[in-house]
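One structure below.
The values are calculated or read from the model by the stated rules, or taken from the named source; none is laboratory data. Remember, predicted model here, so these are calculated numbers, not experimental data. Cβ placement follows ideal geometry from the backbone for every residue including glycine, while neighbour counts extend to all protein chains displayed.
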Amino acid sequence: MQNALPLRQLRFARRTSPHAPSWPGAVLSYLVLGFWAVVVLFPLFWIFVTSFKLPIAVNDGPFYLPFIDFPPSGHAWRYIFVDLRNDTLRPFINTVIVAISSSVLALALGTAAAYGLLRFPYRPRLGVILLFLALAVLTVVATRLFVPWQAGVAAAVVLFLLLRQYAGARSHRAFGNDDIAFWMISQRILPPVAIVIPIYVMFQRLHLLDTQLALIITYTTVNLPIVVWLMRDYFRQISIELEESAAIDGASPFRIFLSIVLPLSTPGLVATFLLVLVFSWNEYLLALFLTSANAQTLPLSIAAQNATRGPQWWYMSVLILIMITPVIAVAIALERYIARGLLVGAIKG
Amino acid sequence: MLKVRERNGAGPAGPVPFLRLSPAGAWVEHQTRALFLLPAVLMLVFLSIFPLFVSLYLSLTRFQFVPGGFQLVFVGLNNYRKLIAGIERVHFLGALAGLAPAFWLVFALVATGLLVFVIRALQTPSPSIRAVVGRIVFALVSGTLLWMLLRTLTPGGRPGSLFTTLIYVTVGIAVQYWLGLMLAYLASQDLAGRRFFRVVFLLPMMITPVGIAYTFRILFDLGKGPFAPIWRALGLAEVSWVNYPWGARAAVMIGDIWQWTPFMFIVLMAALESVPTELLEAAMVDGASRWQMFWKVSWPQILPVTSTVILIRLIEAFKIIDLPNVLTNGGPGTATESLTLHAFISWRTLDIGGSAAVAYFLLFIVTFSATSYISLVHRRLAETV
């Protein structure tokens, strides 16, 4: 029965690729895809149009097409860029600085950790970890009670170095690289709201609240797990022979990492960097807690618009456009990288 | 799973060998190696693990102003009790009504299912304690959650921030997955202009959620938004969806779906494209229809990826705050508040202990959902290929 397929049909089946739709299928596909493209693009179009409307053109009901339905006006753009110049520029610059620095930092720390986890065996003993935690708690308690913090930290470091060998030798349980990697990546499960209040208090004590530095440090931490996760999978695809021969020639691990591994994984680095950059660019919750005026980022300054002036859609649209144009540019330019980066991560889980 | 990696030009599958120590200067090199990992670990310990413990302590205290500053009064589990049984109950759990008869049926069915699930663990030849305890905990927690969820959904009840968040997560993920899968399949066909669709479909994911929230506020404005003529024709122009809890929740979910369907789309499409063509061609020669080819060949092949994207979204979706905060301000009343927003609002009213308690409940729910999902679903699906 299986071979009773008519010859013509068989030949037809062989010639078409399995990915080519039949013509009614193609029409239907275009309809659905086109519909979703409209769903995606219409809100962006509406924002764009609204930014050129006078208040009256918004309030008198929907007008769709500039020049035909309503006369476009640049008043909102002028207001945001000329009248409010500094109030617009400051959050924008804050966002740029915070997003770029935190992404670079996260990438630097995360790639190093990811590479280390893949190429070097780590065996941290349970005893050493417990010793570290105990000393840290002791230091905090001691500094809160009577000791100046410099002395407390110095004493803790000295104690840790002295007791390290002892604690390591006493405990037989040790963790492997996979445990460390799992621990790092699982930090992603942690909802930021569960840690933000202590971070707020900490930055308040250090007088860093409402500064760019506070945001940079926090964003770096939040983004580290993603970088470790994606880059570990990326490094896994690089063959080890080059590194081995470099090691035999006496190159140091840093040298190997910087001049062999990193250049080989540029696409992965670019994809990860962009992903993390977009996350930091869009971040809302942590900035909401940690900034008030000075270090305010764009998402916050936009969210604040409503509270101060009521829904003035025309100004809001301009601000939203300022905020989303850079990420849209990134998305269009690097769609391929992003898709691939996400897939690598998703497959290895 | 491995096939995809090989197509991407992957190296050897299986465990990756470690790099050997170079003979010279072994001690120095040993220390250098530690330097690769140490900064990242310290950063996570100081900014993520310690704060987590401090949060736990804060959730057991009450913040009070005293002359010259403030103090934290230890109150034990009072903050948690307040959320479950005290004044914050309606805000957190919601108003609980008596179960409607139809919901009784639903609950009875699910409860039976959970019971069977636990009993079957006991019936295996040598039941491991971990598996049995895990299943009992899962059955108890999910049964209780469902019981309360159904009571809040009964007329007269209303869901609080906990169940609102759960509704956002489940509805959002379900819609995003099926929508993303359909679009991914359609866009993975040989069609002219695929690249255009791919780029356009990616956009919402990159756009700032706050921007999306405002955009949807403009769009949903029944009197001035672009769809106003439709609402007017229906006689709804003077009504505001913001006044209806479910209307407002739907608005938040639509925004969330608009933003995150692209994530599913992008990853699922990349997975679909890496299904070996030979498999599909073989199915074609055997006379399989397109429908069969997708469900019998492609879909099983991408199940591991499917499972992982759902897991990622599950973890991330619980953190939702931007959309409800900007789109509806959590209103009407507290109807659209997510757990994170609830914690933020408590914090703003200086109920710091209560805020930390809400955050810990969120942490518990996320961990519970993620571990249940991993051990019940993910592990099986990830092994199918």
- Item | Pair list, Cβ under 6 Å, 6 or more apart: segment B:166-193 residue under 22 Å from A:ALA26 (Cα atoms), other residue among the aromatic types (Phe, Trp, Tyr) | B:GLY180/B:PHE265; B:LEU183/A:TRP36; B:LEU183/B:PHE265; B:ALA184/B:PHE265; B:ALA187/B:PHE197
- Single residue of A:GLY152, A:GLY110 found to be out of contact with any strand residue (DSSP E or B) (no Cβ under 7 Å at 6 or more places or on another chain), under 30 Å from A:ILE260 (Cβ atoms) and of a type in the set (Gly, Ala, Ser): A:GLY110
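For segment A:55-82, name all the residues that are within 13 Å of chain B (Cβ to nearest Cβ), among the hydrophobic types (A, V, I, L, M, F, W, C) and surrounded by 14 or more Cβ atoms within 10 Å (Cβ to Cβ). Talk me through it step by step, then tell me what you get.
Step one: filter segment A:55-82 for residues within 13 Å of chain B (Cβ to nearest Cβ), giving A:55-65, A:69-70.
Filter once more, keeping what is among the hydrophobic types (A, V, I, L, M, F, W, C): A:56-58, A:63, A:65, A:70.
If the condition is that a residue be within 13 Å of chain B (Cβ to nearest Cβ), among the hydrophobic types (A, V, I, L, M, F, W, C) and surrounded by 14 or more Cβ atoms within 10 Å (Cβ to Cβ), then A:ALA57, A:VAL58, A:PHE63, A:PHE70 are the ones that fit.
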- Note on the structure: If we take segment A:212-326, then helices (runs of 4 or more DSSP H) inside it with 1 or more residues that are crowded, with 22+ Cβ neighbours inside 10 Å and more than 10 Å from every other protein chain (Cβ to nearest Cβ) are A:212-236, A:266-282, A:285-290
- Task: List every residue pair whose Cβ atoms sit under 8 Å apart, with the two residues 6 or more apart in sequence or on different chains, where the first one lies in segment B:131-146 and is closer than 26 Å to B:ARG158 by Cβ and the second, anywhere, is of a type in the set (S, T, N, Q) and assigned to a helix (DSSP H, G or I).
- Result: B:SER142/B:SER372
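Determine, yes or no, whether B:LEU203 is part of a helix (DSSP H, G or I), within 26 Å of the chain's Cα centre (by Cα), facing chain A (nearest Cβ under 10 Å) and surrounded by fewer than 22 Cβ atoms within 10 Å (Cβ to Cβ).
Working: part of a helix (DSSP H, G or I): yes; within 26 Å of the chain's Cα centre (by Cα): yes; facing chain A (nearest Cβ under 10 Å): yes; surrounded by fewer than 22 Cβ atoms within 10 Å (Cβ to Cβ): yes.
Yes.
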- Answer yes or no: is there a residue in segment B:234-243 that is under 19 Å from the mean Cα position of the chain (by Cα) and more than 8 Å from chain A (Cβ to nearest Cβ). no
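Tally time: how many residues in segment B:327-340 are more than 9 Å from chain A (Cβ to nearest Cβ) and in a helix (DSSP H, G or I)?
So in segment B:327-340, the residues more than 9 Å from chain A (Cβ to nearest Cβ) come out as B:327-328, B:330-338.
Checking the rest, the ones that are also in a helix (DSSP H, G or I) come to B:327-328.
Matching residues across segment B:327-340 total 2.
Okay, residues lined up against (1) outside any helix (DSSP H, G or I); (2) in contact with a Phe, Trp or Tyr (Cβ under 7 Å, 6 or more places away or on another chain); (3) modelled with pLDDT of 80 or more; (4) under 30 Å from A:ALA246 (Cα atoms):
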position	(1), (2), (3), (4)
B:LEU19	yes, yes, no, yes
B:TRP27	no, no, no, yes
B:PRO39	no, no, yes, yes
B:MET43	no, no, yes, no
B:GLN64	yes, yes, yes, no
B:VAL73	yes, no, yes, no
B:TYR80	no, no, yes, no
B:ALA97	yes, no, yes, no
- Task: Could you please find all residues in segment B:274-333 being among the acidic types (Asp, Glu) and in contact with a Pro (Cβ under 9 Å, 6 or more places away or on another chain)?
- Result: B:GLU281, B:ASP322
- Message: It is to be established whether one or more residues within segment B:318-326 are touching a residue at least 24 places away in the same chain (Cβ under 8 Å), in a helix (DSSP H, G or I) and more than 8 Å from chain A (Cβ to nearest Cβ).
- Response: yes
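Those residues that are over 20 Å from A:ASN282 (Cα atoms) and not β-branched (Val, Ile, Thr), I need them from segment B:309-329; list them, please.
B:LEU311
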- Item | Enumeration of residues in segment B:185-194 that are more than 8 Å from every other protein chain (Cβ to nearest Cβ) and not in a loop (DSSP other than H, G, I, E, B) | B:TYR185, B:ARG194
